[in-house]
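Everything below concerns the one structure shown next.
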Amino acid sequence: MAVDMRLPTIRKTVSLSVAAFDRKDLVVPGDVITSDTGFMRGHGTYVDEDKLTASVAGEVQRVDKLICVRPLKTRFNGEVGDVVVGRITEVQQKRWKVETNSRLDSVLLLSSVNLPGGELRRRSAEDELTMREYLQEGDLISAEVQSVFSDGALSLHTRSLKYGKLGQGVLVQLSPSLIKRQKTHFHNLPCGASIILGNNGFVWLYPTPGQQEEEAGGFYTSLEPVSLSDREVISRLRNCLLALSAHKVLLYDTSVLYCYESSLQHQVKDILKPEVMEEIVLLTQQKLLEQEG
């Protein structure tokens, strides 16, 4: 039986800016946000002796006169336009139930998906009977939040060829608060893999596809064997995501790519060792600060 033994190593000192540690917008429960009475109370706050106080640990967000605290650890609270990765949990009448890491299961209506072949017509009883041919329990999909119901449940749609059923790849489940909001959450990385950064904390890694058939309407999934080199790249990216998540680094295409480049001097299996993980993340943070500065 092989035993992995590691000796203590001298920790490398990496200079990070003081501003990263002295942030005024991060609060814990009980912290006074402001004593000014001109502000409106939002989510995650309460008034105590005419002072606006935080009720959760998180980031203070100000919109005009409204102040709210966005929790650092929470379930996914979807907004219209958010990109999500989810798993089908149930097939119901004219709809699918989807697990999206939110408080309630999301809903994908039959009328909110593209029909195979890209046909534009009303959904018939025949379509309802063949729903399991499109999507069945356990299938992974990428979708966009179309609307939010009054009880907080999300209504999804896949009415675009970039959304739909996901094929071969790896799903990584992280905290939704670590995903940075961007214009696009679909990235083809130069290392040979692609990534979908779902706003709900579900990240999908898959080999960069060739030319996709547009007639598929979002239901085409390639079942061809994935090469060893692509599988190694995807495994490395997965471990990089877990390393960044463990050190609470914001996830977006640049941070993931810098982390991937910093990890190339280590084997894939070594990335999750605590001392290697710390070294890679510190190098990534340094690169991000150099880019910003």
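The values are calculated or read from the model by the stated rules, or taken from the named source; none is laboratory data. What you see is a predicted model, and the numbers here were worked out from it, not measured in a lab. Cβ atoms come from the backbone with ideal geometry, glycine included; neighbour counts cover every protein chain shown. Just so you know, the surface numbers come from the protein's heavy atoms only, side chains and all, with ligands and any DNA or RNA stripped out. Shrake-Rupley method; radii C 1.70, N 1.55, O 1.52, S 1.80 Å.
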Efficiency of FRET between Arg132 and Thr184 - r from beta-carbon atoms, R0 41 angstrom, step 0.05: 0.85
Added length on full extension, which subtracts the Cα-Cα distance from 0.36 nm per residue, Ala125 to Glu261: 43.8 nm
Tyr206 accessible area, 1.4 Å probe, all protein chains in place, Å² to nearest 10: 40 Å²
Quotient of C-alpha Rg and 2.2 N^0.38 Å, computed over the chain: 1.16
Rough spin-label spacing in nm, given labels placed 7 Å along Cα→Cβ, for Glu292 and Tyr46: 3.3 nm
Solvent-accessible heavy-atom area per residue, rounded to whole Å², over region 28-123 at 1.4 Å: 59 Å²
Relative contact order of region 124-192, defined on C-alpha pairs under 8 angstrom at six or more residues apart (%): 23 percent
